[in-house]
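Comments concern the structure below.
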Amino acid sequence: MNKNLEKKRHSYSHILAAVIKDIFPEAKIGIGPAIDNGFYYDFKDIDVSEDDFKEIEKKMRKKIKEDLSFEKEIISKKKAKKIFKDDPYKLELVEDLDGEEISVYKTGKFIDLCKGPHVKSTGDLDPQAFKIDRTSGAYFKGDEKNEMMQRIYGLAFENKKELDNYLKMRKEAEKRDHRKIGKNLELFMFDEEVGQGLPLYLPKGAMLRKLLMDFAMDTYLKNDYKIVSTPHIANEELWERSGHLKHYAEDMYGPLTVDEKKYRLKPMNCPFHVKMYKSKTRSYRELPKRWAEMGTVYRYEKSGELHGLTRPRGFTQDDAHIICRGDQLQDEIMNALKITKYIYSTLGMEDLIFKLSVRDPKKKEDYFGTDEQWEKAEKALEEALKSFGQTEYIRDEGEAAFYAPKIDIDAVDAMGRKWQLSTIQVDFNITSRFEMSYINSEGEEETPFMVHRALLGSLERFLGVYIEHTEGMFPVWLSPVQAWIIPISEKQDSYAQKVRKKLREKNIRVSIEGINETLSKAIRNGETQKIPYLLVVGSKEEESQSVNVRFRGEEIGEMSIDDLVQDIEEKSKK
């Protein structure tokens, strides 16, 4: 978000709060920041519904046209407590602030605790470039222990044209919502009795997932990775040693007691891979080790943050760890980048954004590891990007994890939305915690580098994104069902079975459908289900030992079985 637009969105939020206070004088107000696409403000003791949105917008536009100044004033905490004496939420926020002086902003009669910045006056805002969007419940300061407030969301852009474009794009996004498509195509489901955030894959969804996993793992095997497999739970002591219990406990599920020992569902796969590496003494000649698995992990997400496949509580990662020498690090990272590019290109998502996250050089004390380790790792990541030919990338200072730098890769979908999916992460922390080593060429122990890399990332998240990117119209090779055979009448049932058998012998995923429906309805259903090939068989086709082919809604015409197989195989090439 650019700074100027952020100021405008923050200013809209203050105008919203001023209007709500006019309508509900007893309202208590919480926090109202700018966010992506707009703003929100939290309130207590109000009751706003969608029916009120037009009136709120009307009153906001009136204040915008009044050209009210945003006047900043630095005041003492003591004075602030007097100003907000009737608003417990603002009083709590005042207490949270350090120092004895704080800033407030006055807009007309409305005054708010705020550090800014804002536009100079409401007249700097476009009265047609915002829209009250929706309401929801929200805990004060995002803490479940606090009271629930009513949050009012607004959209805001530079001008009405940008707002209209966003609304148009959002309407398209709603049409592509993977939860809706997943239900219509019978790919996956959720069930409250099973548990929130735990997806159940139906036959077609499970086939889609298998095809994607097979593609990824076959790609890794071709690039000299080895497959490993690890359990879903581990002794709590392992998570203490790895540091997860200290740094990640809020995202982990509570302990399970087994034989008087505590176990935890795994949130990560890395400690298992480390343990396998340490099962014997390693030589420099053995490195690099590239170990990959489709590892299912479990992380606690708040119920309000769950969102279909893109934000579940149980998910599977195409997780791999590369353990290598320092002189191998750059090449290993570059190879991971090449594989990433190949995978996304094959899947039809070629627009990628690369981000290099490094430490803040002014706050070195906040990071684990030596200067030498950080300099070597950051240089290896940067040189790998350049050697790979990726000269355009975003360098984010201070965005590295506390234990090492990383490359994040965003995929851009068909609607231009950016999704952070792939990560290539160096790690000094775990190699130190587990005292990992190898015997170098001088016969001495040396600490290896370890690279975490998940290229599809979470399979669930990727599938959610990919369903929306393709609108459920998957490439032929990835389609759970590649063809429907539709007999015109029951007289062609035996011929339909014969065609099915021939296609199945060629490993084509095919079924016979529409037996009790009219031909037009069966074809319509097949197209709704996004089936690539619809094969109509009647007496004419039976006589000529052929099928009448429709591909993606286009009438192809009569085709022999052999030609059909060749066409499907050709269109199934990656």
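Each value in this text was obtained by applying a stated rule to the coordinates, not by laboratory testing. Quick caveat, the model's predicted, so the values are computed rather than measured. All Cβ positions, glycine included, derive from the backbone under ideal geometry; neighbour counts span all protein chains shown.
Annotations
- Among PHE551, PHE43, the ranking by other beta carbons within 10 Å of each residue's beta carbon, starting with the fewest, stands as PHE551, PHE43.
- Å³ per residue enclosed by the Cα convex hull of the range 296-337: 107 Å³
- P(r) tail fraction, the range 481-571 - alpha-carbon pairs more than 16 Å apart, %: 45 percent
- Estimated distance in nm for a label pair at ASP47 and LYS501, the labels positioned 7 Å out from Cα along Cα-to-Cβ: 7.0 nm
- Selected from THR340, LEU198, PHE368, residue furthest toward positive end of dipole (the chain; charges at beta carbon): LEU198
- Options ILE56, SER76, PHE157, ranked by Cα towards positive dipole end of the chain, top entry (Cβ charges): ILE56
- Under Karplus coefficients 6.51, -1.76 and 1.60, residue-wise ³J(HN,Hα) of the range 501-517 in Hz, glycine/proline x: 4, 5, 6, 5, 4, 9, 6, 8, 7, 9, 9, 9, 9, x, 4, 9, 10
- Coupling constants for the range 133-143 follow from the phi torsions by the Karplus curve (6.51 cos²θ - 1.76 cosθ + 1.60, θ = phi - 60°), and in residue order they are 9, 6, 10, 7, x, 8, 6, 4, 6, x, 9 Hz; glycine and proline get x.
- Taking every Cα-Cα distance in the range 394-488 and sorting them into 10 Å bins starting at zero, the pair-distance distribution P(r) comes out as 13, 28, 24, 17, 12, 5, 2, 0 percent.
- Highest mean first, the peptides 519-529, 313-323 sorted by other C-beta atoms within 10 Å per residue fall in the order 313-323, 519-529.
- In the range 1-105, the ratio of gyration radius to Kirkwood radius, Rg to Rh, stands at 0.97 when only Cα atoms are counted.
- Packing, as the average of other Cβ atoms within 10 Å across residues, places the peptides 107-113, 441-447 in the order 107-113, 441-447, highest first.
- Charged-residue dipole, Cβ positions (Lys, Arg, Asp, Glu), the chain about Cα centre, Debye nearest 20: 660 debye
- Note that the range 419-432 has calculated 3J(HN,Hα) couplings of 10, 7, 10, 9, 9, 10, 10, 7, 9, 9, 4, 6, 5, 6 Hz, one per residue in order, obtained from phi through the Karplus relation 6.51 cos²θ - 1.76 cosθ + 1.60 (θ = phi - 60°); glycine and proline are x.
- The lysines whose alpha-carbon is closer than 23 Å to the alpha-carbon of LYS506, local same-chain residues fewer than 8 away aside, are LYS204, LYS210, LYS498, LYS530, LYS571, LYS573, LYS574.
- Gyration tensor over alpha-carbon atoms, the chain, equivalent ellipsoid semi-axes in Å: 48, 38, 22
- Of ILE132, PHE43, ILE31, farthest towards positive along the dipole that unit charges on Lys, Arg, Asp, Glu beta carbons give the range 3-175: ILE132
- Summed over qualifying helices (DSSP H, 4 residues or more, each -39500 (n - 2.57)) and divided by its residue number, the chain shows a 222 nm mean residue ellipticity of -11000 deg cm²/dmol.
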